[in-house]
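I have placed the structure first, in the form of C-alpha coordinates, so that the comments after it can refer back to it.
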Amino acid sequence: MTMKAPFFLPFLLHAATAAAAPSQNALRPAGIQAERIHDLWLLTVAICSLVFVAVLVALLLALWRSGRSDATTAPDVASLAAPEPKLKRSVLLAVGASIALLFVLIVADFQTDRLLGRMPLSDAVHIEVTAHQWWWEARYNDPEPGKIFNTANELHIPVGRPVIMTLKSSDVIHTFWLPNLHGKKDMIPGRTSLIRLRADQAGTYRGQCAEFCGLEHAMMAFLVTAEPNDRYEAWADAQRREASNVLSARESRGRQVFMERSCVMCHTVQGSGANAVFGPDLTHVASRQTLASGVLPNNRQQMAAWVTQPQKVKPGTNMPATALSGEELEALLDYLGTLK
Amino acid sequence: MNLPFVQRLCACVVLLALLPGCYREQRPLPGAPATASPTDPLRLSGLQPGEPRASATASNPFEENAYAASQGKRLFKQYNCAGCHGGGGGGGMGPPLMDDKWIYGQDSANIYATIVQGRPNGMPSFGGHIPEEQLWQLVAYVRSLSGQLSSAVAPARGDSLSPGKAEQRREKEEPKEGGQPQQAQ
(Lines give C-alpha, C1' and ligand atoms only; values in the text may rest on other atoms or scores of the structure.)
Protein backbone atom coordinates (compact mmCIF):
# COMPACT_ATOMS: atom_id res chain seq x y z
CA MET A 1 0.00 0.00 0.00
CA THR A 2 2.76 2.41 0.93
CA MET A 3 4.31 1.82 -2.48
CA LYS A 4 1.21 3.17 -4.11
CA ALA A 5 1.00 6.40 -2.12
CA PRO A 6 3.15 8.48 -4.54
CA PHE A 7 0.94 7.32 -7.38
CA PHE A 8 -2.21 8.70 -5.74
CA LEU A 9 -0.58 11.84 -4.42
CA PRO A 10 -0.82 13.98 -7.57
CA PHE A 11 -4.51 13.13 -7.89
CA LEU A 12 -5.16 14.06 -4.28
CA LEU A 13 -3.26 17.33 -4.73
CA HIS A 14 -5.15 18.03 -7.93
CA ALA A 15 -8.45 17.46 -6.17
CA ALA A 16 -7.40 19.81 -3.37
CA THR A 17 -6.36 22.63 -5.71
CA ALA A 18 -9.38 22.13 -7.93
CA ALA A 19 -11.62 22.67 -4.92
CA ALA A 20 -9.89 25.97 -4.14
CA ALA A 21 -9.61 27.39 -7.66
CA PRO A 22 -12.58 29.00 -9.34
CA SER A 23 -14.41 26.55 -11.53
CA GLN A 24 -14.13 26.72 -15.31
CA ASN A 25 -15.94 23.64 -16.48
CA ALA A 26 -18.72 23.22 -19.01
CA LEU A 27 -19.59 19.86 -17.46
CA ARG A 28 -20.54 21.47 -14.15
CA PRO A 29 -23.36 23.81 -15.13
CA ALA A 30 -24.26 26.34 -12.45
CA GLY A 31 -27.08 28.04 -14.27
CA ILE A 32 -30.16 27.18 -16.27
CA GLN A 33 -28.66 28.12 -19.66
CA ALA A 34 -25.54 26.06 -19.10
CA GLU A 35 -27.69 23.15 -17.91
CA ARG A 36 -29.62 23.16 -21.17
CA ILE A 37 -26.43 23.25 -23.19
CA HIS A 38 -25.09 20.47 -20.98
CA ASP A 39 -28.22 18.36 -21.63
CA LEU A 40 -27.73 18.78 -25.37
CA TRP A 41 -24.11 17.78 -24.96
CA LEU A 42 -25.08 14.64 -23.02
CA LEU A 43 -27.59 13.67 -25.72
CA THR A 44 -24.99 14.23 -28.45
CA VAL A 45 -22.41 12.14 -26.59
CA ALA A 46 -24.97 9.37 -26.00
CA ILE A 47 -26.01 9.23 -29.66
CA CYS A 48 -22.45 9.41 -30.94
CA SER A 49 -21.41 6.61 -28.55
CA LEU A 50 -24.37 4.54 -29.71
CA VAL A 51 -23.40 5.00 -33.36
CA PHE A 52 -19.76 4.25 -32.58
CA VAL A 53 -20.69 1.02 -30.78
CA ALA A 54 -23.10 0.02 -33.57
CA VAL A 55 -20.45 0.55 -36.25
CA LEU A 56 -17.92 -1.45 -34.27
CA VAL A 57 -20.41 -4.29 -33.74
CA ALA A 58 -21.22 -4.33 -37.47
CA LEU A 59 -17.53 -4.41 -38.31
CA LEU A 60 -16.81 -7.26 -35.91
CA LEU A 61 -19.84 -9.15 -37.17
CA ALA A 62 -18.66 -8.77 -40.76
CA LEU A 63 -15.22 -10.03 -39.81
CA TRP A 64 -16.74 -12.98 -37.97
CA ARG A 65 -19.02 -13.95 -40.85
CA SER A 66 -16.52 -13.55 -43.69
CA GLY A 67 -15.28 -16.65 -45.42
CA ARG A 68 -12.08 -18.19 -44.10
CA SER A 69 -9.22 -20.02 -45.67
CA ASP A 70 -6.90 -22.48 -44.02
CA ALA A 71 -3.21 -21.85 -43.44
CA THR A 72 -2.05 -23.15 -46.83
CA THR A 73 -4.65 -21.62 -49.21
CA ALA A 74 -4.65 -17.97 -50.21
CA PRO A 75 -7.86 -16.14 -49.19
CA ASP A 76 -10.46 -15.75 -51.91
CA VAL A 77 -10.75 -12.03 -52.54
CA ALA A 78 -12.45 -12.32 -55.91
CA SER A 79 -15.87 -10.74 -56.31
CA LEU A 80 -18.75 -12.66 -54.93
CA ALA A 81 -20.43 -14.99 -57.36
CA ALA A 82 -23.80 -14.49 -55.73
CA PRO A 83 -24.94 -11.14 -54.28
CA GLU A 84 -24.60 -10.81 -50.54
CA PRO A 85 -27.82 -11.86 -48.89
CA LYS A 86 -30.06 -9.11 -47.46
CA LEU A 87 -27.67 -6.37 -48.60
CA LYS A 88 -30.41 -3.93 -49.46
CA ARG A 89 -32.07 -4.44 -46.13
CA SER A 90 -28.96 -3.73 -44.03
CA VAL A 91 -27.98 -0.66 -46.05
CA LEU A 92 -31.52 0.73 -45.83
CA LEU A 93 -31.54 0.05 -42.12
CA ALA A 94 -28.23 1.86 -41.59
CA VAL A 95 -29.27 4.85 -43.71
CA GLY A 96 -32.62 5.05 -41.97
CA ALA A 97 -31.05 4.87 -38.53
CA SER A 98 -28.53 7.63 -39.44
CA ILE A 99 -31.25 9.92 -40.72
CA ALA A 100 -33.42 9.30 -37.68
CA LEU A 101 -30.58 9.92 -35.22
CA LEU A 102 -29.46 13.08 -37.05
CA PHE A 103 -33.02 14.33 -36.95
CA VAL A 104 -33.14 13.70 -33.21
CA LEU A 105 -29.98 15.84 -32.88
CA ILE A 106 -31.34 18.60 -35.12
CA VAL A 107 -34.61 18.75 -33.20
CA ALA A 108 -32.77 18.73 -29.87
CA ASP A 109 -30.51 21.51 -31.15
CA PHE A 110 -33.46 23.68 -32.18
CA GLN A 111 -35.21 22.89 -28.93
CA THR A 112 -32.16 23.90 -26.88
CA ASP A 113 -31.86 27.14 -28.81
CA ARG A 114 -35.50 27.94 -28.17
CA LEU A 115 -35.21 27.10 -24.49
CA LEU A 116 -32.16 29.36 -24.24
CA GLY A 117 -34.19 32.18 -25.78
CA ARG A 118 -37.12 31.59 -23.45
CA MET A 119 -35.43 32.33 -20.17
CA PRO A 120 -37.61 34.88 -18.34
CA LEU A 121 -35.86 38.24 -18.33
CA SER A 122 -37.86 40.34 -15.89
CA ASP A 123 -35.80 42.16 -13.26
CA ALA A 124 -32.61 41.55 -15.22
CA VAL A 125 -29.18 42.98 -14.48
CA HIS A 126 -27.79 44.73 -17.55
CA ILE A 127 -24.04 44.59 -18.03
CA GLU A 128 -22.11 45.91 -20.99
CA VAL A 129 -18.92 43.91 -21.41
CA THR A 130 -16.23 45.30 -23.71
CA ALA A 131 -13.20 43.20 -24.55
CA HIS A 132 -9.86 44.93 -24.95
CA GLN A 133 -6.42 43.59 -25.74
CA TRP A 134 -6.08 42.02 -23.10
CA TRP A 135 -8.61 42.78 -20.40
CA TRP A 136 -12.35 43.01 -19.83
CA GLU A 137 -14.28 46.17 -19.16
CA ALA A 138 -17.69 45.85 -17.52
CA ARG A 139 -20.26 48.60 -17.25
CA TYR A 140 -23.29 47.95 -15.07
CA ASN A 141 -26.13 49.82 -16.70
CA ASP A 142 -29.13 51.15 -14.86
CA PRO A 143 -32.13 53.28 -15.86
CA GLU A 144 -30.95 55.73 -13.21
CA PRO A 145 -27.76 57.29 -14.60
CA GLY A 146 -26.38 57.85 -11.11
CA LYS A 147 -26.37 54.10 -10.51
CA ILE A 148 -24.21 53.19 -13.51
CA PHE A 149 -20.71 52.06 -12.62
CA ASN A 150 -17.66 50.53 -14.26
CA THR A 151 -15.40 47.73 -13.22
CA ALA A 152 -12.90 45.46 -14.89
CA ASN A 153 -11.99 41.77 -15.06
CA GLU A 154 -14.18 40.84 -12.13
CA LEU A 155 -17.96 40.72 -12.26
CA HIS A 156 -20.49 40.01 -9.55
CA ILE A 157 -23.97 38.78 -10.40
CA PRO A 158 -26.96 37.90 -8.22
CA VAL A 159 -28.04 34.26 -7.94
CA GLY A 160 -31.44 33.55 -9.47
CA ARG A 161 -31.73 36.84 -11.33
CA PRO A 162 -31.26 36.93 -15.09
CA VAL A 163 -28.28 38.82 -16.45
CA ILE A 164 -28.28 40.38 -19.91
CA MET A 165 -24.79 41.03 -21.18
CA THR A 166 -24.17 43.25 -24.17
CA LEU A 167 -20.88 42.17 -25.68
CA LYS A 168 -18.58 44.49 -27.60
CA SER A 169 -14.99 44.63 -28.67
CA SER A 170 -12.75 47.65 -28.89
CA ASP A 171 -10.05 46.22 -31.14
CA VAL A 172 -10.03 42.68 -32.56
CA ILE A 173 -12.35 39.67 -32.37
CA HIS A 174 -12.59 38.20 -28.89
CA THR A 175 -14.92 35.54 -27.50
CA PHE A 176 -16.72 35.68 -24.19
CA TRP A 177 -16.63 32.24 -22.64
CA LEU A 178 -17.97 31.50 -19.19
CA PRO A 179 -18.47 27.72 -19.44
CA ASN A 180 -20.21 27.21 -16.09
CA LEU A 181 -22.99 29.59 -17.04
CA HIS A 182 -23.30 29.66 -20.84
CA GLY A 183 -21.70 28.79 -24.16
CA LYS A 184 -19.31 30.98 -26.14
CA LYS A 185 -20.24 34.22 -27.84
CA ASP A 186 -18.06 36.10 -30.30
CA MET A 187 -17.30 39.77 -29.71
CA ILE A 188 -16.78 41.40 -33.08
CA PRO A 189 -15.53 44.98 -33.34
CA GLY A 190 -18.26 47.32 -34.48
CA ARG A 191 -21.04 44.87 -33.65
CA THR A 192 -23.03 44.14 -30.55
CA SER A 193 -24.01 40.67 -29.42
CA LEU A 194 -26.14 39.57 -26.50
CA ILE A 195 -25.77 36.80 -24.00
CA ARG A 196 -28.47 36.02 -21.46
CA LEU A 197 -27.63 33.87 -18.52
CA ARG A 198 -28.65 33.13 -14.97
CA ALA A 199 -26.58 31.69 -12.16
CA ASP A 200 -28.56 29.30 -9.98
CA GLN A 201 -25.73 28.26 -7.69
CA ALA A 202 -23.56 30.66 -5.77
CA GLY A 203 -19.86 30.42 -6.48
CA THR A 204 -16.93 31.94 -8.32
CA TYR A 205 -16.58 30.99 -11.95
CA ARG A 206 -13.70 31.63 -14.26
CA GLY A 207 -14.15 32.80 -17.80
CA GLN A 208 -11.69 33.32 -20.59
CA CYS A 209 -11.27 34.76 -24.03
CA ALA A 210 -11.81 31.90 -26.47
CA GLU A 211 -10.75 33.47 -29.76
CA PHE A 212 -7.09 34.08 -30.45
CA CYS A 213 -6.74 37.83 -30.08
CA GLY A 214 -3.02 38.50 -30.01
CA LEU A 215 0.06 38.00 -27.92
CA GLU A 216 -1.56 37.78 -24.49
CA HIS A 217 -4.73 35.94 -25.53
CA ALA A 218 -4.01 33.17 -23.04
CA MET A 219 -3.73 35.69 -20.20
CA MET A 220 -7.11 37.27 -20.69
CA ALA A 221 -9.30 35.77 -18.00
CA PHE A 222 -12.03 37.09 -15.77
CA LEU A 223 -13.89 36.00 -12.67
CA VAL A 224 -17.62 36.02 -12.12
CA THR A 225 -18.87 35.76 -8.56
CA ALA A 226 -22.48 34.69 -8.22
CA GLU A 227 -23.87 35.58 -4.79
CA PRO A 228 -27.23 36.10 -3.08
CA ASN A 229 -29.07 39.22 -4.20
CA ASP A 230 -28.56 41.22 -0.99
CA ARG A 231 -24.81 40.65 -1.07
CA TYR A 232 -24.74 41.54 -4.75
CA GLU A 233 -26.58 44.79 -4.04
CA ALA A 234 -24.14 45.60 -1.25
CA TRP A 235 -21.23 44.96 -3.62
CA ALA A 236 -22.81 47.14 -6.32
CA ASP A 237 -23.39 49.96 -3.82
CA ALA A 238 -19.75 49.76 -2.78
CA GLN A 239 -18.65 49.86 -6.41
CA ARG A 240 -20.76 52.96 -7.03
CA ARG A 241 -18.98 54.91 -4.30
CA GLU A 242 -16.18 57.23 -5.28
CA ALA A 243 -12.71 56.69 -3.93
CA SER A 244 -12.25 58.21 -0.50
CA ASN A 245 -10.12 61.32 -0.28
CA VAL A 246 -9.49 60.88 3.44
CA LEU A 247 -5.91 59.70 3.27
CA SER A 248 -2.87 59.47 5.50
CA ALA A 249 0.20 61.50 4.58
CA ARG A 250 1.84 58.55 2.83
CA GLU A 251 -1.32 57.64 0.97
CA SER A 252 -1.66 61.26 -0.16
CA ARG A 253 1.88 61.08 -1.42
CA GLY A 254 0.93 57.91 -3.32
CA ARG A 255 -2.07 59.70 -4.80
CA GLN A 256 0.26 62.48 -5.90
CA VAL A 257 2.55 59.92 -7.59
CA PHE A 258 -0.47 58.37 -9.30
CA MET A 259 -1.56 61.77 -10.61
CA GLU A 260 1.88 62.95 -11.68
CA ARG A 261 3.20 59.85 -13.39
CA SER A 262 1.85 57.90 -16.30
CA CYS A 263 -0.86 56.03 -14.27
CA VAL A 264 -3.25 58.93 -14.67
CA MET A 265 -2.87 58.90 -18.46
CA CYS A 266 -4.82 55.65 -18.84
CA HIS A 267 -6.73 54.87 -15.64
CA THR A 268 -9.77 56.25 -13.86
CA VAL A 269 -10.20 56.66 -10.14
CA GLN A 270 -13.67 58.05 -9.53
CA GLY A 271 -13.63 61.02 -7.21
CA SER A 272 -10.09 62.04 -8.09
CA GLY A 273 -8.85 63.88 -11.14
CA ALA A 274 -8.02 60.67 -12.99
CA ASN A 275 -10.62 60.12 -15.70
CA ALA A 276 -8.83 58.34 -18.53
CA VAL A 277 -10.52 55.32 -20.07
CA PHE A 278 -7.69 53.63 -21.98
CA GLY A 279 -6.98 51.15 -19.18
CA PRO A 280 -9.13 49.44 -16.53
CA ASP A 281 -11.05 51.53 -13.98
CA LEU A 282 -9.08 51.40 -10.73
CA THR A 283 -11.63 53.00 -8.38
CA HIS A 284 -12.01 49.70 -6.50
CA VAL A 285 -8.92 47.81 -7.61
CA ALA A 286 -8.07 46.67 -4.08
CA SER A 287 -11.41 44.84 -3.83
CA ARG A 288 -10.52 42.54 -6.73
CA GLN A 289 -8.99 39.09 -6.39
CA THR A 290 -6.63 39.26 -9.34
CA LEU A 291 -4.46 41.71 -11.23
CA ALA A 292 -3.70 41.98 -14.93
CA SER A 293 -6.87 40.19 -16.00
CA GLY A 294 -6.68 37.05 -13.90
CA VAL A 295 -2.91 36.63 -14.20
CA LEU A 296 -1.65 37.58 -10.72
CA PRO A 297 -3.15 37.31 -7.27
CA ASN A 298 -3.91 40.78 -5.99
CA ASN A 299 -1.42 41.53 -3.23
CA ARG A 300 1.18 44.16 -2.52
CA GLN A 301 4.17 42.32 -4.00
CA GLN A 302 2.42 41.42 -7.22
CA MET A 303 1.08 44.94 -7.57
CA ALA A 304 4.62 46.30 -7.23
CA ALA A 305 5.85 43.87 -9.91
CA TRP A 306 2.95 44.76 -12.18
CA VAL A 307 3.45 48.53 -11.88
CA THR A 308 7.21 48.54 -12.35
CA GLN A 309 7.70 45.60 -14.75
CA PRO A 310 4.42 44.94 -16.57
CA GLN A 311 6.20 43.66 -19.67
CA LYS A 312 7.90 41.00 -17.57
CA VAL A 313 4.64 39.77 -16.08
CA LYS A 314 2.60 39.90 -19.28
CA PRO A 315 4.86 40.53 -22.27
CA GLY A 316 3.19 42.67 -24.90
CA THR A 317 0.59 44.15 -22.60
CA ASN A 318 -0.37 47.74 -23.30
CA MET A 319 0.83 48.89 -19.89
CA PRO A 320 4.20 50.66 -20.08
CA ALA A 321 6.80 50.32 -17.34
CA THR A 322 6.79 53.08 -14.75
CA ALA A 323 10.12 54.01 -13.20
CA LEU A 324 9.59 54.87 -9.52
CA SER A 325 11.92 55.37 -6.61
CA GLY A 326 11.48 53.08 -3.62
CA GLU A 327 9.71 55.73 -1.60
CA GLU A 328 7.35 56.60 -4.46
CA LEU A 329 6.51 52.96 -5.10
CA GLU A 330 5.72 52.26 -1.44
CA ALA A 331 3.53 55.35 -1.25
CA LEU A 332 1.76 54.41 -4.48
CA LEU A 333 1.11 50.88 -3.21
CA ASP A 334 -0.33 52.35 -0.01
CA TYR A 335 -2.62 54.55 -2.04
CA LEU A 336 -3.74 51.71 -4.34
CA GLY A 337 -4.45 49.67 -1.21
CA THR A 338 -7.03 52.24 -0.12
CA LEU A 339 -9.03 51.79 -3.34
CA LYS A 340 -11.36 49.17 -1.90
CA MET B 1 48.36 34.19 -39.77
CA ASN B 2 50.32 34.90 -42.92
CA LEU B 3 47.65 36.79 -44.75
CA PRO B 4 48.70 39.19 -47.44
CA PHE B 5 48.47 42.87 -46.60
CA VAL B 6 45.46 43.49 -48.85
CA GLN B 7 43.44 40.78 -47.17
CA ARG B 8 44.27 42.14 -43.73
CA LEU B 9 43.27 45.58 -44.85
CA CYS B 10 39.97 44.26 -46.19
CA ALA B 11 39.27 42.45 -42.91
CA CYS B 12 39.99 45.65 -40.97
CA VAL B 13 37.66 47.68 -43.19
CA VAL B 14 34.87 45.11 -42.80
CA LEU B 15 35.27 45.06 -39.01
CA LEU B 16 35.30 48.86 -38.90
CA ALA B 17 32.16 48.95 -41.01
CA LEU B 18 30.46 46.69 -38.47
CA LEU B 19 31.29 48.97 -35.56
CA PRO B 20 28.40 51.42 -35.95
CA GLY B 21 26.04 48.47 -35.65
CA CYS B 22 27.05 48.04 -32.00
CA TYR B 23 25.11 51.09 -30.91
CA ARG B 24 22.16 50.20 -33.08
CA GLU B 25 21.13 47.32 -30.81
CA GLN B 26 22.35 48.69 -27.51
CA ARG B 27 19.80 48.26 -24.70
CA PRO B 28 20.37 50.66 -21.85
CA LEU B 29 19.55 49.64 -18.30
CA PRO B 30 16.42 51.28 -16.93
CA GLY B 31 17.23 54.87 -16.06
CA ALA B 32 16.93 56.40 -12.63
CA PRO B 33 13.35 57.29 -11.77
CA ALA B 34 12.37 60.79 -12.74
CA THR B 35 12.60 63.21 -9.89
CA ALA B 36 10.01 65.77 -9.03
CA SER B 37 12.47 68.64 -9.36
CA PRO B 38 12.28 70.21 -12.82
CA THR B 39 15.17 69.67 -15.18
CA ASP B 40 16.44 72.40 -17.45
CA PRO B 41 13.50 73.82 -19.29
CA LEU B 42 13.27 73.43 -23.01
CA ARG B 43 13.69 76.94 -24.35
CA LEU B 44 12.05 78.11 -27.53
CA SER B 45 13.93 81.39 -27.52
CA GLY B 46 17.59 82.25 -26.99
CA LEU B 47 16.66 85.50 -25.24
CA GLN B 48 17.01 85.12 -21.48
CA PRO B 49 17.18 87.43 -18.53
CA GLY B 50 20.54 87.41 -16.76
CA GLU B 51 23.20 84.84 -17.55
CA PRO B 52 22.20 82.42 -20.31
CA ARG B 53 21.28 78.98 -18.98
CA ALA B 54 21.34 75.75 -20.84
CA SER B 55 18.29 74.41 -22.59
CA ALA B 56 17.23 70.79 -22.14
CA THR B 57 18.89 68.28 -24.46
CA ALA B 58 18.07 69.39 -27.94
CA SER B 59 19.19 66.29 -29.81
CA ASN B 60 17.84 62.81 -29.43
CA PRO B 61 20.27 60.46 -27.68
CA PHE B 62 18.48 57.52 -29.34
CA GLU B 63 18.43 58.77 -32.91
CA GLU B 64 20.58 55.85 -34.09
CA ASN B 65 19.32 53.16 -31.77
CA ALA B 66 17.00 50.61 -33.36
CA TYR B 67 15.92 49.23 -30.00
CA ALA B 68 14.82 52.69 -28.83
CA ALA B 69 12.87 53.31 -32.02
CA SER B 70 11.00 50.03 -31.70
CA GLN B 71 10.33 50.72 -28.01
CA GLY B 72 8.96 54.07 -29.18
CA LYS B 73 6.66 52.20 -31.52
CA ARG B 74 5.24 50.17 -28.63
CA LEU B 75 4.93 53.27 -26.43
CA PHE B 76 3.09 55.05 -29.25
CA LYS B 77 0.35 52.44 -28.84
CA GLN B 78 0.65 52.01 -25.08
CA TYR B 79 0.31 55.72 -24.33
CA ASN B 80 -2.53 55.89 -26.86
CA CYS B 81 -0.81 58.38 -29.18
CA ALA B 82 -2.45 56.15 -31.78
CA GLY B 83 -5.84 57.20 -30.40
CA CYS B 84 -5.50 60.62 -32.07
CA HIS B 85 -2.68 60.26 -34.60
CA GLY B 86 -3.75 56.89 -35.98
CA GLY B 87 -2.21 53.44 -35.49
CA GLY B 88 0.54 53.94 -38.07
CA GLY B 89 0.66 57.71 -37.68
CA GLY B 90 -1.82 58.14 -40.51
CA GLY B 91 -3.80 60.76 -38.64
CA GLY B 92 -7.26 60.90 -37.12
CA MET B 93 -8.51 63.39 -34.60
CA GLY B 94 -4.91 64.68 -34.57
CA PRO B 95 -2.74 65.46 -37.59
CA PRO B 96 -0.96 62.65 -39.47
CA LEU B 97 2.68 62.09 -38.59
CA MET B 98 3.75 60.17 -41.67
CA ASP B 99 3.51 63.01 -44.18
CA ASP B 100 5.87 65.85 -45.07
CA LYS B 101 3.99 68.55 -43.15
CA TRP B 102 5.40 69.59 -39.80
CA ILE B 103 3.30 72.28 -38.16
CA TYR B 104 5.82 72.80 -35.37
CA GLY B 105 9.04 71.61 -36.97
CA GLN B 106 10.54 68.22 -37.76
CA ASP B 107 13.65 68.30 -35.57
CA SER B 108 13.94 66.04 -32.55
CA ALA B 109 13.83 69.06 -30.26
CA ASN B 110 10.60 70.31 -31.85
CA ILE B 111 8.89 66.94 -31.48
CA TYR B 112 10.13 66.63 -27.91
CA ALA B 113 8.74 70.07 -27.12
CA THR B 114 5.42 69.17 -28.73
CA ILE B 115 5.04 66.10 -26.51
CA VAL B 116 6.34 67.73 -23.32
CA GLN B 117 4.64 71.11 -23.61
CA GLY B 118 1.60 70.31 -25.68
CA ARG B 119 0.31 72.41 -28.56
CA PRO B 120 -2.79 74.50 -29.10
CA ASN B 121 -5.95 72.88 -30.44
CA GLY B 122 -5.74 69.59 -28.67
CA MET B 123 -2.24 68.19 -28.19
CA PRO B 124 -2.01 67.50 -24.44
CA SER B 125 1.14 68.28 -22.51
CA PHE B 126 2.77 65.10 -21.24
CA GLY B 127 5.69 66.74 -19.46
CA GLY B 128 6.36 65.03 -16.14
CA HIS B 129 4.01 62.14 -16.90
CA ILE B 130 6.25 60.23 -19.28
CA PRO B 131 9.82 59.37 -18.19
CA GLU B 132 12.54 61.22 -20.08
CA GLU B 133 13.94 58.09 -21.67
CA GLN B 134 10.58 57.03 -23.04
CA LEU B 135 10.01 60.55 -24.39
CA TRP B 136 13.11 60.31 -26.55
CA GLN B 137 12.12 56.82 -27.67
CA LEU B 138 8.80 58.26 -28.79
CA VAL B 139 10.55 61.10 -30.60
CA ALA B 140 12.74 58.60 -32.48
CA TYR B 141 9.67 56.63 -33.51
CA VAL B 142 7.70 59.70 -34.59
CA ARG B 143 10.59 60.66 -36.86
CA SER B 144 10.74 57.15 -38.29
CA LEU B 145 7.09 57.46 -39.38
CA SER B 146 8.00 59.76 -42.25
CA GLY B 147 11.28 58.02 -43.00
CA GLN B 148 13.51 60.52 -41.20
CA LEU B 149 15.56 57.77 -39.52
CA SER B 150 18.01 55.54 -41.33
CA SER B 151 16.44 52.32 -42.54
CA ALA B 152 18.83 50.38 -40.32
CA VAL B 153 17.27 52.04 -37.26
CA ALA B 154 13.56 52.40 -38.07
CA PRO B 155 11.29 49.59 -36.84
CA ALA B 156 10.82 46.77 -39.32
CA ARG B 157 7.73 45.21 -37.80
CA GLY B 158 5.13 45.71 -35.12
CA ASP B 159 3.10 43.82 -32.57
CA SER B 160 -0.14 44.22 -34.48
CA LEU B 161 -1.31 43.79 -38.03
CA SER B 162 -0.80 46.80 -40.20
CA PRO B 163 -1.76 47.25 -43.84
CA GLY B 164 0.90 49.88 -44.51
CA LYS B 165 4.59 49.72 -45.18
CA ALA B 166 6.88 49.11 -42.23
CA GLU B 167 8.62 52.28 -41.01
CA GLN B 168 11.88 50.80 -42.23
CA ARG B 169 10.64 50.75 -45.82
CA ARG B 170 9.17 54.23 -45.92
CA GLU B 171 10.71 56.75 -48.23
CA LYS B 172 12.06 59.83 -46.58
CA GLU B 173 9.55 62.66 -46.79
CA GLU B 174 11.32 65.97 -47.35
CA PRO B 175 9.83 68.26 -44.74
CA LYS B 176 8.05 71.20 -46.34
CA GLU B 177 9.14 74.66 -45.38
CA GLY B 178 6.86 77.04 -43.59
CA GLY B 179 4.34 74.72 -41.99
CA GLN B 180 2.07 77.14 -40.23
CA PRO B 181 0.51 76.55 -36.83
CA GLN B 182 -3.23 76.16 -37.04
CA GLN B 183 -5.12 79.28 -36.04
CA ALA B 184 -7.06 78.97 -32.84
CA GLN B 185 -10.75 78.69 -33.68
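The values are calculated or read from the model by the stated rules, or taken from the named source; none is laboratory data. All figures in this text were calculated on a predicted structure; none of them were measured in a lab. Cβ: placed from backbone, ideal geometry, glycine included. Neighbour counts: every protein chain shown. Side chains are part of the model used for accessible areas, which takes the heavy atoms of the whole protein and leaves out ligands, DNA and RNA. Shrake-Rupley method; radii C 1.70, N 1.55, O 1.52, S 1.80 Å.
Throw me the Rg/Rh for the range A:30-123, computed over C-alpha atoms with Kirkwood Rh, two decimals.
On the way: Rg = 22.2 Å, Rh = 17.4 Å.
Rg/Rh: 1.27.
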- prompt: Sorted from largest down, what three extents in whole angstroms do the Cα atoms of the protein assembly as shown have along their principal axes?
  reply: 113, 82, 63
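Over the residues of the range A:296-340, compute the C-alpha Rg and express it relative to 2.2 N^0.38 Å. Display every interim value, and only then the final one.
Working: Rg = 10.5 Å, N = 45, 2.2 N^0.38 = 9.3 Å.
That ratio works out to 1.13.
Contour minus end-to-end for A:Lys147 and A:Ala97, with contour as 0.36 nm per residue of separation and end-to-end as the Cα-Cα distance? Walk me through the intermediate numbers first.
Numbers: separation 50, 0.36 × 50 = 18.00 nm, distance 5.68 nm.
Full-extension gain reported as 12.3 nm.
About its Cα centre, how strong a charge dipole does chain A have in debye, to the nearest 20, once Lys and Arg get +1 and Asp and Glu get -1 at the Cβ?
Working: 32 positive and 30 negative charges, 155 e Å.
So the dipole magnitude of chain A works out to roughly 740 debye.
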message: Using DSSP H assignments, which helices in chain A have an axial alpha-carbon span of 27 Å or above and a mean Kyte-Doolittle hydropathy of 1.6 or higher?
response: A:32-65
message: Less than 14 Å apart at the alpha-carbon level, and either on another chain or at least 8 residues along: which aspartates and glutamates does that give for B:Lys176?
response: B:Asp99, B:Asp100, B:Asp107
statement: In the structure shown, of A:Lys168/A:Lys340; B:Lys77/B:Lys101; A:Lys168/A:Lys314; A:Lys312/A:Lys340; A:Lys185/B:Lys77; A:Lys312/B:Lys172, the pairs separated by more than 32 angstrom at the C-alpha atoms are A:Lys312/B:Lys172
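Given the convex hull over the Cα atoms of the range A:121-205, what projected area results after averaging over all orientations, in nm²? Can you show the working numbers first?
Details: hull surface 22.3 nm².
Taking the Cα atoms of the range A:121-205, their convex hull projects to 5.6 nm² on average.
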task: Enumerate the residues in the range A:129-167 having an amide nitrogen under 19 Å from the point lying 7 Å beyond the Cα of A:Ala234 toward its Cβ.
output: A:155-161
P(r) histogram, all alpha-carbon pairs of the range A:137-255 included - 5 Å bins from 0, percent: 2, 10, 17, 21, 17, 13, 10, 6, 3, 0
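Relative contact order for the range A:58-183 using alpha-carbon pairs under 8 Å, separation at least 6, rounded to a whole percent? Walk me through the numbers on the way to the answer.
Working: 98 pairs, mean separation 24.2, N = 126.
Reported relative contact order: 19 percent.
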field: Compactness of the range A:48-185 as Cα Rg over 2.2 N^0.38 Å, two decimals
entry: 1.99
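Looking at the range B:42-169, I'd like the Rg to Rh ratio, where Rg is from alpha-carbon atoms and Rh is Kirkwood's inverse mean 1/r. Let's see the in-between values first.
Details: Rg = 14.7 Å, Rh = 15.0 Å.
So for the range B:42-169, dividing Rg by the Kirkwood Rh gives 0.98.
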task: Have a look at the range A:201-289 and give its Rg and Dmax from the Cα atoms, expressed in angstrom.
output: 16.2, 46
message: How far apart, in nanometres, would the label points at A:Gln201 and A:Leu63 be if each is projected 7 angstrom from Cα along the Cα-to-Cβ direction?
response: 4.1 nm
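Count the net charge of all other residues whose Cβ sits under 14 Å from the Cβ of A:Thr166, scoring Lys and Arg as +1 and Asp and Glu as -1.
Here the count lands on +1.
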- request: Work from the charge dipole of the protein assembly as shown (Cβ charges, +1 for Lys and Arg, -1 for Asp and Glu, about the Cα centre) and give the residue of A:Ile99, B:Gln117, B:Ala152 farthest towards its positive end.
  value: A:Ile99
task: Keeping all protein chains in position, work out how much accessible area A:Met319 exposes to a 1.4 Å probe, and write it in Å² to the nearest 10.
output: 40 Å²
task: Between A:Lys340 and B:Asn110, with labels modelled 7 Å along Cα→Cβ, what's the label distance in nm to one decimal, could you check?
output: 5.4 nm
message: Ratio of alpha-carbon Rg to the 2.2 N^0.38 Å globular estimate for the range A:245-340, to two decimals, please.
response: 0.98
